[in-house]
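The values are calculated or read from the model by the stated rules, or taken from the named source; none is laboratory data. It should be emphasised that the depicted structure is a prediction, and the values quoted were computed from it without experimental measurement. All Cβ positions, glycine included, derive from the backbone under ideal geometry; neighbour counts span all protein chains shown. All accessible areas refer to the heavy atoms of the entire protein, side chains included, with ligands and DNA or RNA removed. Shrake-Rupley method; radii C 1.70, N 1.55, O 1.52, S 1.80 Å.
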Amino acid sequence: MQPVTYRGRFAPSPNGPLHFGSLVAATASYLDARAHQGEWWIRIDDIDPPRVVPGATDAILRTLEGFGFQWHGVVFQSQRHALYQAAFEQLDVYPCYCSRREVFTRDPSGSYHGFCRMHSPLRRHKPPAWRLRLPYAADQFHDLIQGLQQCNCHHAPGEFVLKRADGVWGYHLACAVDEIEMGITHVIRGADLLYASFAQRQVIHGLKRPPPAYGHHPLVLNREGIKLSKRARAQPIDPKQASRQLWHALDVLGQQPPAELKSAPMQTLWQWAIQHYHRAAIPPVQARTYDFGTA
Ligand code: GLU
């Protein structure tokens, strides 16, 4: 793709309908792109076939359309195997024969610290997973929303899997390669993916390419303090309620939309939101409790 000064993206997984937490993520990346005269792309994260719910991609795109989002194009991870393979071949990887249980027994967080890299593996009868030899341990970056972020990557995320034993590409490999190949300049997404950003920066560094800028907005927690997610059965968002739900998404993002816009036509709300977008107003916290019951 042609280089541009700003190209953002929203990357839903097609494993269910969009909920209010997804609307916040879509809104944050969209506003940041539009307010900077940038492009906004959709990437469908359908890399793991058993997790794909039939019809979910269409439903997601229809819902986004119903909420007034406009995008430059849609990219499907399931159609990009050749790019992932080419990147994989450039990276410093090693085979790992450890079972999930062995990994978690050694470190309950699931971080991998190079067992198969250091001990020549004896169990070669089964296909291995492939892990990344981390190009560097200490990493830091300036998060556009959360400020300075630092990580000792050996500790966590550790030496993560780039290609699973069943041949499925690891999420960090696919995501990092997509940011590079799509020419993404800004990744605005939820704070649950902060550690994913450190992992993906390692892949990008291993490929000797410059990383995009990252910004992580606060996650929405329900009244019980649980993150809104498909797994926690968060309510799907409804384009019939677009203005009201969008208003609440702007509110979560600290944009202080005027109360009278709650019932304004959606296009009026978007116009206001793009014109008044203020990245620095997004609370630099990792999560916010929000009474989405009224959203
Ligand atoms: N598809 C993943 C998710 O929905 C990743 C999103 C992203 O990288 O922005 O959590």
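Give me the residue from segment 150-206 that is open to solvent by 20 Å² or more (accessible area, probe 1.4 Å) and charged (D, E, K, R) and, out of that set, farthest from residue 253 (Cα to Cα). This residue is 166. Taking the criterion of being in contact with a Lys or Arg (Cβ under 7 Å, 6 or more places away or on another chain) and open to solvent by 10 Å² or more (accessible area, probe 1.4 Å), the residues of segment 221-262 that qualify are 221, 243, 244, 247, 262.
Cβ-Cβ contacts under 6 Å between residues 6 or more apart (or on different chains), taken from a first residue in segment 185-197 that is within 16 Å of residue 42 (Cα to Cα) to a second residue that is surrounded by 21 or more Cβ atoms within 10 Å (Cβ to Cβ) and hydroxyl-bearing (Ser, Thr, Tyr), are listed as 187/214; 188/29. Of the listed requirements (1) part of a helix (DSSP H, G or I); (2) open to solvent by less than 10 Å² (accessible area, probe 1.4 Å), residue 268 misses just one: (2). If I filter segment 1-59 down to residues being of a type in the set (Lys, Arg) and open to solvent by 20 Å² or more (accessible area, probe 1.4 Å), which single residue comes out as farthest from the ligand (Cβ to nearest atom)? That would be 34. Checked against the criterion of being touching a residue at least 40 places away in the same chain (Cβ under 8 Å), out of contact with any Lys or Arg (no Cβ under 9 Å at 6 or more places or on another chain) and over 20 Å from residue 266 (Cα atoms), the candidates 5, 27 yield just one match: 5.
Looking across segment 161-178, just one residue is β-branched (Val, Ile, Thr) and within 13 Å of the ligand (Cβ to nearest atom), and that is 177. Taken over segment 21-59, the residue count meeting the criterion of being closer than 23 Å to residue 240 by Cβ and in contact with a strand residue (DSSP E or B) (Cβ under 6 Å, 6 or more places away or on another chain) is 8.
Conditions (1) away from the ligand (no atom under 13 Å from the Cβ); (2) more than 20 Å from residue 130 (Cα to Cα); (3) part of a loop (DSSP other than H, G, I, E, B), marked per residue:
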position: 180; (1), (2), (3): yes, yes, no
position: 189; (1), (2), (3): no, yes, no
position: 193; (1), (2), (3): no, yes, no
position: 224; (1), (2), (3): yes, yes, yes
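Only residues that are open to solvent by 20 Å² or more (accessible area, probe 1.4 Å) and either under 21 Å from the mean Cα position of the chain (by Cα) or in contact (Cβ under 8 Å) with a residue 12 or more places away in the chain (or both) were counted in segment 70-84, giving 10. Evaluation of residue 67 against the conditions (1) surrounded by 20 or more Cβ atoms within 10 Å (Cβ to Cβ); (2) within 14 Å of the ligand (Cβ to nearest atom); (3) not hydroxyl-bearing (Ser, Thr, Tyr) shows that the sole unmet condition is (2).
Touching a Pro at 6+ places or on another chain (Cβ under 9 Å) and under 22 Å from residue 202 (Cα atoms): is that true of residue 135 in this structure? No, not satisfied. When the residues of segment 119-130 are filtered to those that are open to solvent by 70 Å² or more (accessible area, probe 1.4 Å) and modelled with pLDDT of 90 or more, the one that is nearest to the chain's Cα centre (by Cα) is 130.
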